[in-house]
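Participant: Take this structure first; my questions come after.
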């Protein structure tokens, strides 16, 4: 579950062309692409709430077109939607989460190795899941984090809020770390949303 720096300039913008500005064939392609966008899972919205010399707080929101119970059931199975690129083993199928107080968000490694990423401290099924721990490379420093997933029914869907607060000592400060964590966690929320919507976390 590694955290890497993310350059905001590399984020992709979606552009929709007017039909009268493209050839007929291209207009059909644009129409199909636009229809796919309408049915795709909406992007997550991320905010670095604050950054201080001693830590940072992130908030990521998303609306998911499924009831809280279904979202929670998938959320608690990170092997289904977490990105393998952000694991120590290189394979998200090695992730497992024990959904009870004191439970571990753990990862199996080769040759009997293992990683404890986060520890569950609060469970209100279908509503709130709170864990504590320092993600990825953060675990090698004098820092501690709190991650809270909050689910609220909204119409026939769910409003999801992910909050991650990290604090402690890091000699170079937390500004770049906050941006990297923001990018990685936003991508994971979007993968969760896509899995709920389509059964696959990958972009199509």
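The values are calculated or read from the model by the stated rules, or taken from the named source; none is laboratory data. Quick caveat, the model's predicted, so the values are computed rather than measured. FYI the Cβ positions are ideal-geometry reconstructions off the backbone, even for glycines, and counts take in every protein chain you see.
Participant: Has region 145-162 got any residue that is more than 24 Å from residue 65 (Cβ to Cβ), crowded, with 20+ Cβ neighbours inside 10 Å and at pLDDT 95 or above? Break it down stepwise before answering.
Facilitator: Looking only at region 145-162, we keep the residues that are more than 24 Å from residue 65 (Cβ to Cβ), and these are 145-146.
This time we only want the ones that are crowded, with 20+ Cβ neighbours inside 10 Å, so: 145.
Those left that are additionally at pLDDT 95 or above: 145.
Yes, region 145-162 contains at least one residue that is more than 24 Å from residue 65 (Cβ to Cβ), crowded, with 20+ Cβ neighbours inside 10 Å and at pLDDT 95 or above.
Participant: Follow-up question, since we're still on this one. Sort out which residues of region 89-111 are more than 20 Å from residue 128 (Cβ to Cβ), crowded, with 18+ Cβ neighbours inside 10 Å and in contact with a helix residue (DSSP H, G or I) (Cβ under 7 Å, 6 or more places away or on another chain), and write them in order of number.
Facilitator: 92, 95, 107
Participant: Residue under question is residue 148, and the condition is that it be closer than 21 Å to residue 62 by Cβ and without any contact (Cβ under 8 Å) to a residue 40 or more places away in the chain; does it hold? Write out each step before concluding.
Facilitator: Working: closer than 21 Å to residue 62 by Cβ: yes; without any contact (Cβ under 8 Å) to a residue 40 or more places away in the chain: yes.
For residue 148, the condition - closer than 21 Å to residue 62 by Cβ and without any contact (Cβ under 8 Å) to a residue 40 or more places away in the chain - is met.
Participant: Consider residue 153 carefully, then state whether it is over 15 Å from the mean Cα position of the chain (by Cα) and within 15 Å of residue 62 (Cβ to Cβ). So that I can check it myself, show each step before the final result.
Facilitator: Details: over 15 Å from the mean Cα position of the chain (by Cα): yes; within 15 Å of residue 62 (Cβ to Cβ): yes.
For residue 153, the condition - over 15 Å from the mean Cα position of the chain (by Cα) and within 15 Å of residue 62 (Cβ to Cβ) - is met.
Participant: Which condition from (1) more than 25 Å from residue 146 (Cα to Cα); (2) crowded, with 18+ Cβ neighbours inside 10 Å; (3) modelled with pLDDT of 95 or more is the one that residue 41 breaks?
Facilitator: Tallying (1) more than 25 Å from residue 146 (Cα to Cα); (2) crowded, with 18+ Cβ neighbours inside 10 Å; (3) modelled with pLDDT of 95 or more, residue 41 fails exactly one: (3).
Participant: Restricting attention to region 167-174, does a residue exist that is in contact (Cβ under 8 Å) with a residue 24 or more places away in the chain, within 17 Å of residue 63 (Cβ to Cβ), touching a helix residue (DSSP H, G or I) at 6+ places or on another chain (Cβ under 9 Å) and surrounded by fewer than 17 Cβ atoms within 10 Å (Cβ to Cβ)? Break it down stepwise before answering.
Facilitator: We begin by selecting, within region 167-174, every residue in contact (Cβ under 8 Å) with a residue 24 or more places away in the chain; these are 167-170, 173-174.
With within 17 Å of residue 63 (Cβ to Cβ) added as a condition, the list becomes none.
Looking for residues that are in contact (Cβ under 8 Å) with a residue 24 or more places away in the chain, within 17 Å of residue 63 (Cβ to Cβ), touching a helix residue (DSSP H, G or I) at 6+ places or on another chain (Cβ under 9 Å) and surrounded by fewer than 17 Cβ atoms within 10 Å (Cβ to Cβ), one finds none in region 167-174, hence no.
Participant: Of these, 92, 46, which one is within 19 Å of residue 194 (Cα to Cα) and at pLDDT 90 or above?
Facilitator: Of 92, 46, the one residue that is within 19 Å of residue 194 (Cα to Cα) and at pLDDT 90 or above is 92.
Participant: Filter region 164-183 for residues that are at pLDDT below 95 and either closer than 14 Å to residue 46 by Cα or assigned to a helix (DSSP H, G or I) (or both) and give the result.
Facilitator: Looking only at region 164-183, we keep the residues that are at pLDDT below 95, and these are 169-183.
Correct list: 175, 176, 177, 178, 179, 180, 181, 182, 183.
Participant: Considering (1) assigned to a helix (DSSP H, G or I); (2) in contact with a strand residue (DSSP E or B) (Cβ under 8 Å, 6 or more places away or on another chain); (3) closer than 21 Å to residue 76 by Cα, say which one residue 194 fails and leave the rest.
Facilitator: (2)
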